[in-house]
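These notes are about the structure you will find just below.
The values are calculated or read from the model by the stated rules, or taken from the named source; none is laboratory data. For clarity, every value in this text was computed on a predicted model and none was experimentally measured. Methodologically, a virtual Cβ is constructed for each residue, glycine included, from the backbone with ideal geometry; neighbour enumeration extends over all protein chains shown.
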């Protein structure tokens, strides 16, 4: 049974691909984070009585109907006796729960799968375990539990190296670097991401290379922001030598970030899809911080991203990207009041699209963010009643 079953399972290698992290307290910005994704789904029929339900779940997942996939897999799970087959379904459920923003449920199912593999002593279990640990670490990081994410990622890196599994090493190192980045340990983050990029180049795989480059770009951009903050402190003390030194360091980090993002963009042109869209938005985040911002290039990238989004099915990533694009229009409107009217219209249209996507896939977290962002737009327009109603719905 086991050899048939995993043909129906969805295995990701660090499924958070070029993922946008949003800070919605200030209407958000794109940030990290990239780890390569490899999804293996096949439709070879199995003789097991419940195989049809499993395959239907896979099809629902691929169509973005995550709650339906969850229901189907939950229904067949009690029928499965083989340990590894149960681990495969727990992993699938975890991925689906992550897609609808239920990270606690996702973590719990990954824990079930991890415990099963930890009690198996064979090559297949040893290969899968660091992948599942990386997935779980990513979910903890999304919840803001970064120290736990670091600990789990360290274990995943260790296991991947023991297996001499280069693809998994790229993912585990990327996840570890992102967790270090989240706690401000830029030196450890840099080491992890540089090692990840070195291995990705050895593999000559565009998705792995692009992911590692995006991680590095986000790290360099964060270091530039830190140097700029330190410049402001030096100005208070009127330390001109320190101001000059920190300003130069910030410029160097911005140049390094731009180089990384632009190279990542070239790699993702081969991949296309949501991966390319996210890379465009990460580059735009940098372009917005240039003195002065390159709004013309930002607009071109934004239009390209919007055109690509129209061809993509609904997903959690799509909802968040639409929110981010709306916020980009609003930030440009704040910088150039002449564009206020068009930008306000574009912002509302995109946020309503994001809201529809979130509702279609049953992602309560994305729906909350979209409603909260809409509420802020109405608040800025002095439409207090509408803003209050939307904010209450978001809560």
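Quick notes
- In segment 144-158, the condition of being over 24 Å from residue 276 (Cβ atoms), at pLDDT below 95 and in contact with a helix residue (DSSP H, G or I) (Cβ under 9 Å, 6 or more places away or on another chain) is met by at least one residue.
- The single residue among 325, 390 that is at pLDDT 90 or above, buried (at least 22 other Cβ atoms within 10 Å of the Cβ) and either out of contact with any helix residue (DSSP H, G or I) (no Cβ under 8 Å at 6 or more places or on another chain) or closer than 24 Å to residue 99 by Cα (or both) turns out to be 325.
- Cβ-Cβ under 6 Å pairs, at least 6 apart or on other chains, segment 348-363 side in a helix (DSSP H, G or I), far side surrounded by fewer than 18 Cβ atoms within 10 Å (Cβ to Cβ): none
- Residue among 312, 308 that alone is surrounded by fewer than 18 Cβ atoms within 10 Å (Cβ to Cβ), free of Cβ contacts under 8 Å to residues at least 40 places away in the same chain, in contact with a helix residue (DSSP H, G or I) (Cβ under 9 Å, 6 or more places away or on another chain) and not in a helix (DSSP H, G or I): 312
- Residues in segment 175-211 that are within 21 Å of residue 223 (Cα to Cα) and not in a helix (DSSP H, G or I): 3 in all.
- Selection of segment 81-127 for residues being touching a residue at least 60 places away in the same chain (Cβ under 8 Å), outside any helix (DSSP H, G or I) and more than 22 Å from the chain's Cα centre (by Cα) yields only 82.
- Being modelled with pLDDT under 95, surrounded by fewer than 24 Cβ atoms within 10 Å (Cβ to Cβ) and within 28 Å of residue 145 (Cβ to Cβ) holds for only one residue in 241, 225, 188, 194, and it is 225.
Okay, residues lined up against (1) touching a helix residue (DSSP H, G or I) at 6+ places or on another chain (Cβ under 6 Å); (2) surrounded by 23 or more Cβ atoms within 10 Å (Cβ to Cβ); (3) within 23 Å of residue 167 (Cα to Cα):
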site	(1), (2), (3)
74	no, no, no
88	yes, yes, yes
100	yes, no, no
108	no, no, no
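- When restricted to residues that are farther than 17 Å from residue 271 by Cα, assigned to a helix (DSSP H, G or I), free of Cβ contacts under 8 Å to residues at least 60 places away in the same chain and touching a helix residue (DSSP H, G or I) at 6+ places or on another chain (Cβ under 7 Å), segment 281-305 contains 5.
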